[in-house]
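Step one of this worksheet: look at the structure below.
The values are calculated or read from the model by the stated rules, or taken from the named source; none is laboratory data. Nothing here was measured: the structure is a model prediction, and the numbers come from that model. Methodologically, a virtual Cβ is constructed for each residue, glycine included, from the backbone with ideal geometry; neighbour enumeration extends over all protein chains shown.
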Amino acid sequence: MTLDRDSPMPLWAQLEADLRKRLDASEFDDRFPTDNELVNEYDVSRHTVREAIRHLNSSGILRRERGRGTVVNRREFEQPLGALYSLFQSVESAGTTQRSRVLELGEAVDPTVAEQLGLEPDTLLLFLERIRYADDEPLALDRSWLPMDLARPLLDSDFERTALYAELAKRVGVSPDAGWERIAPVLPRPEERELLTMRRGEAAFSLERLGTADGTPIEWRTTLIRGDRYRFVSHFTRGSAPSMVASARD
């Protein structure tokens, strides 16, 4: 493949554009070429190749890994802001197999969570903690609390391939129809980083969600989701503001 040396566009930018096209066509899903292979294929200097790769790295499309060289980032998932969604459905709709590994499912008492749900501090809660996988790669660490009086039938549920909201609807006859969600960037703790197979220094999204049904709080959820595999999108039209608000730190 040759680049246009008479073009006003720098060679590295031409190379980057061509590599993006080939990446979009899934040409490098199995293996990304080495710098030397790209030098020979495009008949350019090593500096040109490295500059193109640097831009692809900074955009999150590629990344450098010790011992493996340049690799293609895994599939990313997008979720509109301001929408009540199921992570299960979000992943499945992208054509990816979703599953969960349940770390804990049982009874709990948590005064802080009870306050979020508008309950007495000693109220018995159902607690569900899961690692969420997309195509067998860790995506998120998910923790949910629900009033035990409501959610007791879920103690018998198999959440490996089942969505929480689907189980609520099937076994209890109710599921969230509104709520709010707060999103912030964080650096995971070492134990969380290990569960999600993240590298030191990689950021994640921290999500807090209160789900309500007919105005009554029924779920408090916290989710730690990998920042390199998930993106949130805000839609807007002229004359209306995106569904985002600023929140002052405590």
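Numerical summary
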| read-out | value |
| --- | --- |
| Filter result (in contact with a Gly (Cβ under 9 Å, 6 or more places away or on another chain) and part of a loop (DSSP other than H, G, I, E, B)) within the stretch 199-226 | Glu202, Ala203 |
| The stretch 8-42: number of residues that are farther than 14 Å from Ile53 by Cα and of a type in the set (S, T, N, Q) | 2 |
| Subset of the stretch 160-173 (residues that are surrounded by fewer than 17 Cβ atoms within 10 Å (Cβ to Cβ) and without any contact (Cβ under 8 Å) to a residue 60 or more places away in the chain) | Ala169, Lys170, Arg171, Val172, Gly173 |
| Test: residue in the stretch 139-159 that is surrounded by fewer than 14 Cβ atoms within 10 Å (Cβ to Cβ), in the same structural domain as Arg221 (by TED's automatic domain parsing) and under 18 Å from the mean Cα position of the chain (by Cα) | no |
| Yes/no for Glu219 being surrounded by fewer than 14 Cβ atoms within 10 Å (Cβ to Cβ) and modelled with pLDDT of 85 or more | no |
| Odd one out for Leu105, checked against (1) in contact with a Leu (Cβ under 8 Å, 6 or more places away or on another chain); (2) at pLDDT 75 or above; (3) surrounded by fewer than 17 Cβ atoms within 10 Å (Cβ to Cβ) | (3) |
| Evaluation of Glu137 against (1) in contact with a Ser or Thr (Cβ under 8 Å, 6 or more places away or on another chain); (2) at pLDDT 95 or above (one fails), failing number | (2) |
| Failed condition for Val245, given (1) modelled with pLDDT under 90; (2) closer than 30 Å to Asn57 by Cα | (2) |
| Tally, over the stretch 1-39, of residues that are more than 33 Å from the chain's Cα centre (by Cα), under 17 Å from Gly69 (Cα atoms) and not hydrophobic (A, V, I, L, M, F, W, C) | 1 |
| Filter pass, Glu129 being among the acidic types (Asp, Glu), out of contact with any Pro (no Cβ under 7 Å at 6 or more places or on another chain), farther than 30 Å from Arg66 by Cβ and assigned to a strand (DSSP E or B) | yes |
| Counted residues, the stretch 174-203 - those being of a type in the set (Asp, Glu) and surrounded by 12 or more Cβ atoms within 10 Å (Cβ to Cβ) | 4 |
| Residue list for the stretch 166-187, restricted to those being outside any strand (DSSP E or B) and closer than 26 Å to Ala204 by Cα | Pro176, Leu187 |
